[in-house]
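This is the structure I want to talk about, given as C-alpha cells.
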Amino acid sequence: MSTHTNINMSTAVSNFAADLNSEPISFPNTDTSIKKSVLFVPLNEKWLLTIPEAAAYFGVGQNRISELALQDGCKFVVFVGAKKLIKRKKFEEFLDEQYAI
C-alpha cells in the first residue's frame with residue numbers, strides 16, 4: 001500500500017518564489033543606495049529550471065532529479081559548466097512517459 005502526501009503545488013511554488021525574491025541584490029563597487037531587483041518569472045513560464053526549482057515545481061526530490069539527469073541519453077538536462085539545468089517541457093514529457101497509465 002503506498003501513501004501519498006498531498007502537496008499544494010501553487011503554495012510550494014509561491015513560497016519558493018517569495019524566498020527567491022525576498023531581498024534585492026546589491027552589486028559590489030556600486031553606490032549602496034542603488035539596488036537591482038531580480039525580476040520574478042513564474043516557474044511555469046521558464047524554459048530551464050534549476051534543480052531546486054524543478055523539485056518544487058514537479059514535487060520530485062532534488063537528489064532523484066539529479067540522478068535522472070545523469071543517465072545516458074537524458075534529453076531534459078542542459079549543463080552550464082557543472083550546473084545542471086532542467087528543460088521544463090522535456091521533463092514534463094519524460095514524466096508523462098514514465099507514469100502513463
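The values are calculated or read from the model by the stated rules, or taken from the named source; none is laboratory data. All values reported here derive from a predicted model rather than from experimental measurement. Don't worry about glycine lacking a Cβ; one is built from the backbone with ideal geometry, like all the others, and counts go over all protein chains shown.
Would you kindly identify the helices (runs of 4 or more DSSP H) lying entirely within the stretch 40-101 that contain at least 3 residues that are charged (D, E, K, R)?
Because the criterion is at least 3 residues that are charged (D, E, K, R), the helices (runs of 4 or more DSSP H) in the stretch 40-101 that meet it are 88-98.
Name the residue, out of ALA69, ALA12, ALA55, that is in contact with a helix residue (DSSP H, G or I) (Cβ under 7 Å, 6 or more places away or on another chain) and at pLDDT 70 or above.
Answer to the selection: ALA55.
I've got another one for you. State which residue pairs qualify: first residue of a type in the set (Gly, Ala, Ser) and inside the stretch 68-84, second residue in a loop (DSSP other than H, G, I, E, B) and modelled with pLDDT of 95 or more in any location, beta carbons under 9 Å apart, and separation of 6 or more residues or different chains.
ALA69/PHE76
Return the only residue of LYS46, LYS87, LYS36 being modelled with pLDDT under 95, surrounded by 10 or more Cβ atoms within 10 Å (Cβ to Cβ), within 12 Å of the chain's Cα centre (by Cα) and of a type in the set (Lys, Arg).
LYS46
OK, next. Which of the following residues is loosely packed, with under 15 Cβ neighbours inside 10 Å and of a type in the set (Ser, Thr, Tyr): TYR57, TYR99?
TYR99
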